[in-house]
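Step one of this worksheet: look at the structure below.
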Amino acid sequence: MCGIVGILGRQPVASSIVEALRRLEYRGYDSAGLATLEDGRLTRVRASGKLHNLEEKLAAVRLTGEIGIGHTRWATHGRPTEINAHPHASDKLAVVHNGIIENFRELREELTAKGHVFATQTDSEAVAHLVTEAMRQGAGPAAAVAAALPRLRGAFALVFLFNAEPDLLIGARRGSPLAVGWGAAGVYLGSDALALAPFAHTIAYLEEGDQVIATRAHVVFHDAAGREVERRRQPLLAGSFLVDKGNFRHFMAKEIHEQPEVVGRTLAHYLDLAAGTVRLPFELSFDPKTLSRVTIAACGTAYYAGLTARYWLERLARLAVDIDVASEFRYREAPLPENGLTIVVSQSGETADTLASLRYAKQHGQHILGIVNVETSTIARESDTLALTLAGPEIGVASTKAFTCQLAVFACLAIALGRARGVLSEADEKRLVGELVTTPGLMADALNHEARLEPVAHDIARASSVLYVGRGVAYPLALEGALKLKELSYIHAEGYAAGELKHGPIALIDDNMPVIVLAPPDATLEKTISNLQEVAARGGHIIFIGSARAREAAAAELAGFVELPDIASAFAVIVYAVPVQLLAYHAAVFMGKDVDQPRNLAKSVTVE
Ligand code: M6R
């Protein structure tokens with residue numbers, strides 16, 4: 001889950017490499033580096049920390065190389081120091097790597113015995129030495145890479161630059177994404193379309209196991225078996241990849257505020273607004289009537305979207321749903337029933353565990369539906385049915401608009417399946433769609449009251465531990481709220497089903513620990529209020545998110561109140577996500593944290 005780039009240009013490429021890395025920084029920002037070929041000599045500049053540290057170093061050097069590679073790192077093996085920063089190099093080549101080389105220790109031992117000297121603690125350096133060894137045995141660059149790749153275990157995308165080859169980059173992909181772009185000023189390799197958007201007019205994606213041999217004049221793809229193959233070249237629309245904060249201080253703030261628009265756009269894609277019905281923009285690869293079970297696998301926030309959807313799919317479509325985090329699901333060896341549907345959910349479409357779950361389910365005969373934000377991603381391409389979320393590029397590492405768009409897609413899907421299975425009537429569908437279409441407007445209302453919520457966020461920022469509780473669909477939102485607060489502010493937080501408090505966590509309650517009660521107006525509201533009373537009776541520090549009517553019913557002393565309108569909708573939880581996100585955002589901003597790039601995280605997790 002690092003970002004990699006390579007450029008074969010006709011002018012000095014260092015500044016373009018940095019620009020591409022800036023667009024890839026969401027994939028990791030522990031260190032950054034680049035290598036260019038200066039008069040037949042590999043020159044590397046690397047820096048620990050964020051990209052601006054590399055830029056500061058580059059300001060002091062004049063690089064004229066017209067070919068180069070770059071990397072932004074999310075550390076897996078070895079601390080995020082300058083020494084461990086990519087590119088890694090030998091006397092023959094430099095390489096950038098995204099992924100994990102699982103057998104790096106044995107390769108390191110073998111190569112050390114042959115006289116190679118390792119400078120870093122990384123797994124990636126073994127790749128540089130392995131290919132170098134093949135070259136020392138007489139192989140040319142392409143043959144050396146081809147000989148080395150089968151020896152690597154794990155997931156990777158790689159780009160190689162050779163010190164004797166001013167017109168050659170070699171890329172390879174197994175498990176981690178890699179794309180090639182063609183532009184007026186050269187040929188480009190990069191982790192994703194976002195990195196290549198400013199430079200390339202067309203793009204092609206490497207398939208699993210592919211290698212690419214790129215010169216300025218020719219780009220040749222080989223598949224996993226070494227056969228020369230064609231990969232579809234498609235237009236890349238630069239305008240759709242603008243990375244811009246607009247008038248906002250952070251990408252995250254911008255993305256939170258975009259939600260009414262992108263949720264509206266997503267709903268418009270899935271609904272016939274004139275008819276007040278759901279109109280799925282794809283053919284289903286299965287018959288909903290005979291569907292035996294739905295299995296959902298996803299990670300992090302996408303998993304919480306799936307957990308919310310379980311309530312909707314069970315209630316509205318009367319489907320049995322099994323759900324797990326993808327990192328567990330992929331190894332559970334779960335028996336999957338005939339005629340079952342597996343739904344994988346992912347913003348990036350590249351999350352390694354989610355992708356592995358998709359492949360497991362596919363091998364076991366499941367229909368695969370991917371709910372994905374990046375249309376060109378691997379999960380999007382490997383799903384039988386692609387349900388796109390139209391959230392647009394999400395740059396903030398903490399997921400916000402992708403989450404609410406995932407919920408919007410799930411809501412439409414649950415209604416559509418309910419109808420197709422004969423569980424919901426036409427009138428039910430009209431009522432539910434009517435409720436759903438009020439969501440973007442209600443989200444905009446919630447955003448209008450942002451200022452009122454800031455003091456509550458500052459109160460939370462002073463705590464060292466926070467509990468989020470909710471029932472029904474507010475329970476997954478409680479988990480999501482705790483995740484948002486943890487990842488942005490580094491305050492310990494946990495989400496609980498409110499009914500579970502009395503089974504243990506209630507022992508934690510004192511007046512120092514905020515308990516955030518999520519109380520949307522549904523059938524569980526009364527019960528949630530009873531659980532709130534239990535906390536109040538123990539002197540808890542309660543922050544209540546709900547309507548004025550619910551607050552009155554709660555009749556408890558509150559430390560904070562975030563008021564939302566009385567929402568008569570089965571999908572009110574989508575609106576409730578807004579204050580939950582804003583609380584975490586403002587708490588972190590108040591604490592001076594880096595909300596767009598929290599420590600230790602990366603946007604796209606392509607390692608398991
Ligand atoms: O790209 P994906 O949706 O597959 O990513 C899944 C998680 O890594 C992601 O949601 C993560 O938990 C975010 N940091 C949450 O804000």
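Kindly rank 499-512, 206-219, 2-15, 186-199 from highest to lowest mean number of other beta carbons found within 10 Å of each residue. Could you put the intermediate results ahead of the total?
Values: 499-512: 13.9, 206-219: 17.7, 2-15: 24.0, 186-199: 25.9.
Packing order, densest peptide first, comes out as 186-199, 2-15, 206-219, 499-512.
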In square nanometres, what is the average projected area of the Cα convex hull of the chain? 27.5 nm²
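Would you mind telling me the share, in percent, of accessible area of the chain contributed by carbon and sulfur at probe 1.4 angstrom?
Values: 11160 of 22630 Å².
Accessible surface attributable to carbon and sulfur in the chain totals 49 percent.
Mind ranking 321-331, 371-381, 149-159 by how tightly packed they are, going by the mean number of other C-beta atoms within 10 angstrom, highest first? Intermediate values should be presented prior to the final figure.
Values: 321-331: 19.0, 371-381: 23.2, 149-159: 20.9.
Going by the mean number of other Cβ atoms within 10 Å, highest first, we get 371-381, 149-159, 321-331.
Helix-derived [θ] at 222 nm for the chain: sum -39500 (n - 2.57) over DSSP H runs of at least 4, divide by residue count, nearest 500? Could the numbers behind the result be given before it?
Details: 20 runs with 222 residues, N = 608.
Theoretical 222 nm ellipticity from helices: -11000 deg cm²/dmol.
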Enumerate the aspartates and glutamates that Lys430 could reach by cross-link, defined here as Cα to Cα under 15 Å, with residues fewer than 8 away along the same chain left out. Asp272
Jot down the radius of gyration and Dmax of region 129-230, Cα atoms only, both in angstrom. 13.3, 40
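Take every Cα pair under 8 Å in the chain that's 6+ residues apart, average their separations, divide by the length, and report that relative contact order as a whole percent.
Working: 1413 pairs, mean separation 70.6, N = 608.
It rounds to 12 percent for the chain.
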At q = 0.07, 0.12, 0.15 Å⁻¹, what log₁₀ I(q)/I(0) does region 3-241 have when each alpha carbon counts as one equal point scatterer in the Debye sum? -0.19, -0.58, -0.94
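How large is Rg over Rh for region 246-437, taking Rg from the Cα atoms and Rh as the Kirkwood inverse mean of 1/r across Cα pairs?
Details: Rg = 16.0 Å, Rh = 16.6 Å.
Rg/Rh for region 246-437 comes to 0.96.
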Between Ser292 and residues 5 or more places away or on another chain, which pairs have amide H atoms under 5 Å apart, with H built 1.01 Å from N, and which residues are they? Gly340, Leu341
Work out from phi, with θ = phi - 60° and the Karplus expression 6.51 cos²θ - 1.76 cosθ + 1.60, the ³J(HN,Hα) of each residue of region 191-206, listed in order in whole Hz, and give x for Gly and Pro. 5, 7, 5, 4, 5, 8, 3, x, 10, 9, 9, 9, 8, 9, 9, 6
Whichever aspartates and glutamates have a C-alpha closer than 20 Å to that of Lys289, once near sequence neighbours (fewer than 8 apart) are set aside: Glu314, Asp322, Glu338, Asp384, Glu426, Asp428, Glu429
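If you restrict to DSSP beta bridges whose two residues both lie in the chain, what percentage is antiparallel, to the nearest 5? The partial results should precede the final answer.
Numbers: 64 of 103 bridges.
Among the beta bridges of the chain, antiparallel pairing accounts for roughly 60 percent.
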If the limit is 26 Å between Cα atoms, which of Lys50/Lys254; Lys401/Lys502; Lys57/Lys114; Lys401/Lys593; Lys401/Lys527 go over it? Lys401/Lys502; Lys57/Lys114; Lys401/Lys527
Dipole of the chain, positive end: most advanced residue of Gly226, Ala387, Ala570 [Cβ charges, Cα centre]: Gly226
Per residue accessible area in Å² of region 445-608, where ligands, DNA and RNA are left out and the probe is 1.4 Å: 38 Å²
Choose one of Thr342, His250, Leu316: the residue whose Cα lies farthest towards the positive end of the charge dipole of region 246-437 (beta-carbon charges +1 Lys, Arg; -1 Asp, Glu; about the Cα centre). Leu316
Can you bin every Cα-Cα distance in region 445-608 into 5 Å intervals starting at zero and give me the percent of pairs per bin, rounded to whole numbers? 2, 9, 20, 23, 21, 14, 7, 3, 1, 0
Check Thr277: other-chain or 5+ apart residues with amide H under 5 Å from its amide H, H built from backbone geometry? Asp272
Taking the Cα centre of the chain as origin and charging only Cβ (+1 Lys, Arg; -1 Asp, Glu), how large is the dipole, in debye to the nearest 20? 580 debye
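Give me the percent relative contact order of region 3-241, please, defined on Cα pairs under 8 angstrom at least 6 residues apart.
Values: 595 pairs, mean separation 44.6, N = 239.
Once normalised by length, the contact order is 19 percent.
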Considering Cα pairs under 8 angstrom that are at least six residues apart, work out the relative contact order of region 174-219 and quote it in whole percent. 39 percent
Which one of Val95, Leu51, Ile69 has its Cα pushed farthest toward the positive end of the charge dipole of region 3-241, where Lys and Arg give +1 and Asp and Glu give -1 at the Cβ? Leu51
Mind pulling the per residue volume of the convex hull built on the Cα atoms of region 348-451? Å³ is fine. 117 Å³
Per principal axis, descending, Cα span of region 1-112 in whole Å: 40, 30, 21
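So with the 1.4 Å probe, I'd like the accessible area per residue for region 362-413, rounded to whole Å².
Numbers: 1180 Å² over 52 residues.
Spelled out: the 1.4 Å probe surface of region 362-413, per residue, equals 23 Å².
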Under 5 Å from the placed amide H of Gly154, counting only residues 5+ away or on other chains, we find Glu102
Please list, in order along region 374-381, the HN-Hα scalar couplings obtained from phi with the Karplus expression 6.51 cos²θ - 1.76 cosθ + 1.60 (θ = phi - 60°), rounded to whole Hz, x for Gly and Pro. 9, 4, 8, 6, 5, 5, 4, 6
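The values are calculated or read from the model by the stated rules, or taken from the named source; none is laboratory data. None of these values were measured; they are calculated from a predicted model. Heads up, the Cβs are rebuilt from the backbone with ideal geometry, glycines too, and the neighbour counts pull from every protein chain shown. Surface accessibility is based on the protein's heavy atoms, side chains included, excluding ligands, DNA and RNA. Shrake-Rupley method; radii C 1.70, N 1.55, O 1.52, S 1.80 Å.
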